[in-house]
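K.L.:
Below: one structure in structure tokens.
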Amino acid sequence: MDNSTRSERSRNTAIKAALAILSRDGPGGLTFDALSRESGISKGGLLHQFRTKTGVLKALLDYQRRYYGEVEIAYLRSHHVPERAQRLAAHIATMRETINQRYSVNRAVLAALVQEPELLDSIRETHAVNLTRLREDASDGDLAVFRWAAAIGLAFTDLLGMSPLSTQERERLFERLLDEECWQGGAPSDTSTA
């Protein structure tokens, strides 16, 4: 195995270990010592890969972006979604998927929020661009933004352990957010089962 392949493998191992630490111990638990123990990579090897804790956080956020992109592509390949709704549906499906991960990539955002809030600037910028596109795609831009924000809210309240919803309730709500037909005409029809 060449050096670049070995380096990439080590980096991915460290990122997955960091997500495990964040899930178990929270942002304060993410140290180079803890990362070394969790990943099995020497502290020196980790410092070579990331240089600083900020480097680890940047790598986590990059991993999150790549992961989101992969989930979006996979969702759109496996579901028939009208072209004008693809961007929104992919986002909603991605938020749903992050809840179902054992070590959610959204923990990278929480870690950055606690440790280096300025790292979230790029996420805010990406959200602004995406919202502009969502509004352009939709016949009702405000409704598209509402659905986008609802998906984020479902994901992050669950991630923070603040959601009172059962898994079944949450899944039903995600299904409704994804059901383009129920949002036609500006208001969702009531398809809940009491």
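Readers should treat all values here as calculations from the given coordinates under stated rules, not as data from a laboratory. Keep in mind that what you see is a predicted model, and the values were worked out from it rather than measured. As a convention, Cβ positions derive from the backbone with ideal geometry for all residues, glycine included, and neighbour counts pool all protein chains shown.
K.L.:
Spelling out what I want: for every residue of region 156-164, take phi, set θ = phi - 60°, compute 6.51 cos²θ - 1.76 cosθ + 1.60 (Karplus), and round to whole Hz; glycine and proline get x.
P.N.:
Each residue of region 156-164 in turn: 7, 5, 5, 4, 7, x, 9, 7, x Hz.
K.L.:
From zero up to wherever the largest Cα-Cα distance of the chain sits, split into 5 Å bins and tell me the percent of pairs in each.
P.N.:
Spelled out per bin, shortest first, that is 1, 7, 14, 17, 17, 14, 11, 8, 5, 3, 1, 0.
K.L.:
Using the number of other C-beta atoms within 10 angstrom as an exposure proxy, rank Arg11, Arg77 with the fewest first. Write out the running numbers ahead of the final one.
P.N.:
Working: Arg11 18, Arg77 7.
So the residues, fewest neighbours to most, are Arg77, Arg11.
K.L.:
DSSP loop (so not H, G, I, E, B), at most 10 other Cβ within 10 Å: list which trypsin sites (Lys or Arg not before Pro) in region 79-128 pass both filters.
P.N.:
Numbers: sites: Arg84, Arg87, Arg96, Arg102, Arg107, Arg124; in loops: Arg102.
Those satisfying the criteria are Arg102.
K.L.:
Which whole-Hz ³J(HN,Hα) couplings does region 165-180 yield from phi under the Karplus relation 6.51 cos²θ - 1.76 cosθ + 1.60, θ = phi - 60°, glycine and proline marked x?
P.N.:
These are the phi-based 3J(HN,Hα) values: 7, 6, 4, 5, 5, 4, 5, 4, 5, 5, 4, 5, 4, 7, 7, 4 Hz.
K.L.:
Next up: Using θ = phi - 60° and the Karplus relation 6.51 cos²θ - 1.76 cosθ + 1.60, list the HN-Hα couplings for region 115-125 in order, rounded to whole Hz, with x at every Gly or Pro.
P.N.:
8, 9, x, 5, 5, 7, 4, 5, 5, 4, 5
K.L.:
So, how do all the Cα-to-Cα distances of region 56-96 break down into 5 Å bins, in percent, from 0 on up?
P.N.:
Whole-percent P(r) values from 0 Å outward: 5, 25, 28, 18, 12, 7, 4, 1.
K.L.:
Same structure again: For the chain, with only Lys/Arg (+1) and Asp/Glu (-1) charged at the beta-carbon, what is the dipole magnitude about the Cα centre, in debye rounded to 20?
P.N.:
Working: 25 positive and 26 negative charges, 185 e Å.
Its charge dipole is roughly 900 debye.
K.L.:
Output the 0 to 90 degree angle, nearest 10, between the alpha-carbon long axis of helix 86-99 and the longest principal axis computed from the alpha carbons of the chain.
P.N.:
It is inclined by approximately 50 degrees.
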